[in-house]
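J.: This is the structure, below, for whatever I ask next.
The values are calculated or read from the model by the stated rules, or taken from the named source; none is laboratory data. The model shown is predicted, which means the values in this text are computed figures rather than measured ones. Counting neighbours? That spans all protein chains shown, and the Cβs are built from the backbone with ideal geometry, glycine included.
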Amino acid sequence: MYLQKLRGRASVLFFTLGALSAAEPQKAVELSERVVTATKTETERWRTASSVTVIDRKTIEQDQLRLLPEALRRVPGLTLADRGTAGSVNGLFLRGTNSDQTLVVVDGRPIPANLAGLYNIETMSLDNVERIEVLRGPAASIYGGKTLGGVINILTRSGRGLNKPDSTLSWEGGSFGTSRETLGTRGSIGIYDWGLEFSRHDTQGYRLNSQMQLNNASGRFGAQLSDTLRFDLNLRYYHADVGAPGSLAANDPNDHVLTEFWSLSPRFEWQTTESWTQTLTYQFGNFRQAATNFTPNFGFNNRITSRNHFVEYESVIQATDWWTFTTGAWLQDMGYSRSSDNAFPATGYDVDQAETNWAVFLLSQAEVLPGWNVLGSIRHDVYSDFDDATTWRAGSSWRMPWTQTVLQASYGTAFAPASPQNREAALFGDPSFLKPEQSEGMEIGLEQPFADNKATLGLTYFRNNIQNLIVFLPPFGPLQQINQARTEGMEASLGWQPSDAFGINAQYTYLDADDLTAGTRLVRRPRHQISADSWVRPISKLRLGFSAFYVIDREDGFGADQRDVEDYLRLRLTVSYEMTRNLELFARVENMLGERYAEVLGFPAMRTGAYAGFRLHF
């Protein structure tokens, strides 16, 4: 009762201060974007005390984004390092952490990684994707391991609520022998709904043996079994056949990688009471890879399999109108194997591992006073092959009623078990790496709307202290765990849309990522990264888009070969025109200046490419 009175008095005080702060009352600020990744429940972004970037379906279509890496390059604090050819492995460094320290999930379900602990994001199509949410900062207190950097959550499309089916057919072609076709449909009939999309992507590439053939299929099927019970089924499949020429020093005409991934995941959601929701999810995922004609250092011909069984129970209780509890239990069983023709006796397995992880977690979200939110979460993980881990996070956000400024701060812990590759002597690892990488991370940030709420400025400082970080020594190992590393920096963003005919978004990241034990920088993490996207509509049916990506001050190489590498500026132009209500034409130019650079030393990026196509709605 006392707290309710206090909240009521605070509301009156905040309203009075807001009225005194300006001669005219301000229009409500558009800060109501809702996200699910930060708290596992749908929450207004500003209330999560977290840094979350959202790339929605409208952006994916208008900016002609085809594969997941193209979208992730727009996220502040996130750096990608690919090997220049289509389908080549991408390094992903979120706030300076290692590639295997960021978790990738689809609709909240973890998917199997490869032996290096990486996800094959380079062949993940954006077909049937509704939005991508990137949570930056430690997230182990609700997601467990591999979350020093954060979480990338790919949310799929459904036809729920559509009055009539919505189908699309598209084709595009262009440079480097590229052709891409898609077919998709969404809709609902009675209690049933669906979202389904297929695509085929072919390219010959710009180097000898840099071709890719990629097939994707993704679907989401739902049934509202009763007023309170819903069933969802997610299905995903891709098959990629990729040439691997290696670095310029290799130019190998024969190396080849074939990858295949599929997953099946049912989920039940039960609205038990008005204030209590329970969810039960199962996911089975399987990843396979076959490599041929590789050098002896990588086992010649080899076949890799990674599979994942995942079960999660989640309970969300709305204790009061201002206090929510989320609890859950998690069980994950993972297996990895590799057979190699030459590394060990023929037809033998040189990698054969299995591990189990179970966990329980608790999250509390409370608006203790109007506009002031306090969050806390804790999780305990038990691994079959590693020590137990208990992680936690605390955060708070406050939206000032008189200026609508959002202030937020958080502190949390995270850990990442060593990947199978890092533990296998056959893959230059060390079986003694049973101590997980650990971090303590914090951030302080603000978000300020202005220009009659048509513009927003964001600024965030972050810092991660990492222990037991696993690093690579040249030329083929070994790996070693270092005592301490640190990543810290600043993320700034600016968005402005003064009218329906023009808009611009810009991001800047400053990053220091250092191996404190050796006194050197961590490679492939640029100190400065700037990106900007702008668009204009001269007429209602025509949209022109322009983007720039500038990377400054980075190092690559290992050991004595570590050195500065070139800065680069990459420009991109997109055009789309709505011919009729059902037909859209589009075109784009990548790397307009023909910039010569390499995100990974010795692996040159693709030169200028031009593409065009159409999208038909029916």
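J.: Scanning segment 348-367 for residues that are of a type in the set (D, E) and modelled with pLDDT under 95, which turns out nearest to W392 (Cα to Cα)?
T.: E355
J.: Can you confirm whether Y192 is surrounded by 19 or more Cβ atoms within 10 Å (Cβ to Cβ) and under 28 Å from V105 (Cβ atoms)?
T.: no
J.: I've got another one for you. Check whether at least one residue in segment 282-293 is more than 30 Å from P604 (Cβ to Cβ), in contact with a Ser or Thr (Cβ under 6 Å, 6 or more places away or on another chain) and either buried (at least 20 other Cβ atoms within 10 Å of the Cβ) or without any contact (Cβ under 8 Å) to a residue 12 or more places away in the chain (or both), and report yes or no.
T.: Yes, that holds for at least one residue.
J.: Can you list residue pairs whose Cβ atoms sit under 6 Å apart, with the first residue in segment 128-141 being at negative phi and the second being assigned to a helix (DSSP H, G or I)? Count only pairs 6 or more apart in sequence or on different chains.
T.: As it stands, the answer is E130/R57; I132/A71, since those pairs meet every condition given.
J.: Any residue that is out of contact with any Ser or Thr (no Cβ under 9 Å at 6 or more places or on another chain), outside any strand (DSSP E or B), more than 25 Å from E443 (Cα to Cα) and not acidic (D, E) - is there at least one of those in segment 384-392?
T.: Yes - at least one qualifying residue is present in segment 384-392.
J.: Still on this model: For segment 480-514, enumerate the residues that are over 15 Å from T97 (Cα atoms) and of a type in the set (G, A, S).
T.: Passing the criteria: A492, S493, G495, S499, A501, G503, A506.
J.: While we're on this one: Of all residues being surrounded by 23 or more Cβ atoms within 10 Å (Cβ to Cβ) and β-branched (V, I, T) in segment 391-430, which is nearest to the chain's Cα centre (by Cα)? Just the residue, please.
T.: Top of the filtered list is T391.
J.: On the basis of being touching a residue at least 60 places away in the same chain (Cβ under 8 Å), out of contact with any Cys (no Cβ under 7 Å at 6 or more places or on another chain), more than 21 Å from P69 (Cβ to Cβ) and acidic (D, E), does D561 make the cut?
T.: yes
J.: Those residues that are assigned to a loop (DSSP other than H, G, I, E, B) and either buried (at least 22 other Cβ atoms within 10 Å of the Cβ) or in contact with a Phe, Trp or Tyr (Cβ under 9 Å, 6 or more places away or on another chain) (or both), I need them from segment 441-474; list them, please.
T.: Within segment 441-474, A451, K454, L473, P474 qualify.
J.: Would you be able to say whether some residue in segment 396-403 is part of a strand (DSSP E or B) and over 26 Å from T97 (Cα atoms)?
T.: Yes - at least one qualifying residue is present in segment 396-403.
J.: I'm checking my understanding of the structure. Among residues of segment 131-184 that are among the aromatic types (F, W, Y) and either assigned to a strand (DSSP E or B) or within 26 Å of the chain's Cα centre (by Cα) (or both), which one is surrounded by the fewest Cβ atoms within 10 Å (Cβ to Cβ)?
T.: W171
J.: Same structure, new question: Scan segment 245-279 residue by residue and report those that are aliphatic (A, V, I, L, M) and closer than 30 Å to T228 by Cα.
T.: Listed by number, the list holds a single entry, L264.
J.: If I go through segment 192-216 residue by residue, how many of them are in contact with a Ser or Thr (Cβ under 9 Å, 6 or more places away or on another chain) and farther than 20 Å from N120 by Cβ?
T.: Residues that pass the stated criteria total 7.
J.: Any idea how many residues of segment 78-117 are within 22 Å of M334 (Cβ to Cβ), within 11 Å of the chain's Cα centre (by Cα) and not β-branched (V, I, T)?
T.: Summing the residues that are within 22 Å of M334 (Cβ to Cβ), within 11 Å of the chain's Cα centre (by Cα) and not β-branched (V, I, T) in segment 78-117 gives 3.
J.: Which residues, taken from segment 229-258, are closer than 27 Å to S158 by Cα, out of contact with any Pro (no Cβ under 6 Å at 6 or more places or on another chain) and not small (G, A, S)?
T.: L229, R230, F231, D232, N234, L235, R236, Y237, Y238, H239
J.: Moving on. Right, L235: more than 29 Å from G174 (Cα to Cα), surrounded by 15 or more Cβ atoms within 10 Å (Cβ to Cβ) and either hydrophobic (A, V, I, L, M, F, W, C) or modelled with pLDDT under 95 (or both) or not?
T.: Considered against the rule, which asks whether it is more than 29 Å from G174 (Cα to Cα), surrounded by 15 or more Cβ atoms within 10 Å (Cβ to Cβ) and either hydrophobic (A, V, I, L, M, F, W, C) or modelled with pLDDT under 95 (or both), L235 comes out as yes.
J.: Continuing with this model, one more query. Are any residues in segment 127-150 at pLDDT 95 or above and farther than 20 Å from T413 by Cα, and if so, which ones?
T.: V129, E130, R131, I132, E133
J.: Do the conditions hold for A366, that is, is it part of a strand (DSSP E or B) and in contact with a Gly (Cβ under 6 Å, 6 or more places away or on another chain)?
T.: no
J.: Within segment 64-77, can one find any residue that is outside any strand (DSSP E or B), within 14 Å of the chain's Cα centre (by Cα), under 27 Å from S534 (Cα atoms) and among the β-branched types (V, I, T)?
T.: yes
J.: Within the group D512, D452, which residue is touching a strand residue (DSSP E or B) at 6+ places or on another chain (Cβ under 8 Å) and acidic (D, E)?
T.: Only one candidate passes the filter, namely D512.
J.: Within segment 92-106, can one find any residue that is outside any strand (DSSP E or B), within 29 Å of Q421 (Cβ to Cβ) and in contact with a helix residue (DSSP H, G or I) (Cβ under 7 Å, 6 or more places away or on another chain)?
T.: Within segment 92-106, none of the residues are outside any strand (DSSP E or B), within 29 Å of Q421 (Cβ to Cβ) and in contact with a helix residue (DSSP H, G or I) (Cβ under 7 Å, 6 or more places away or on another chain).
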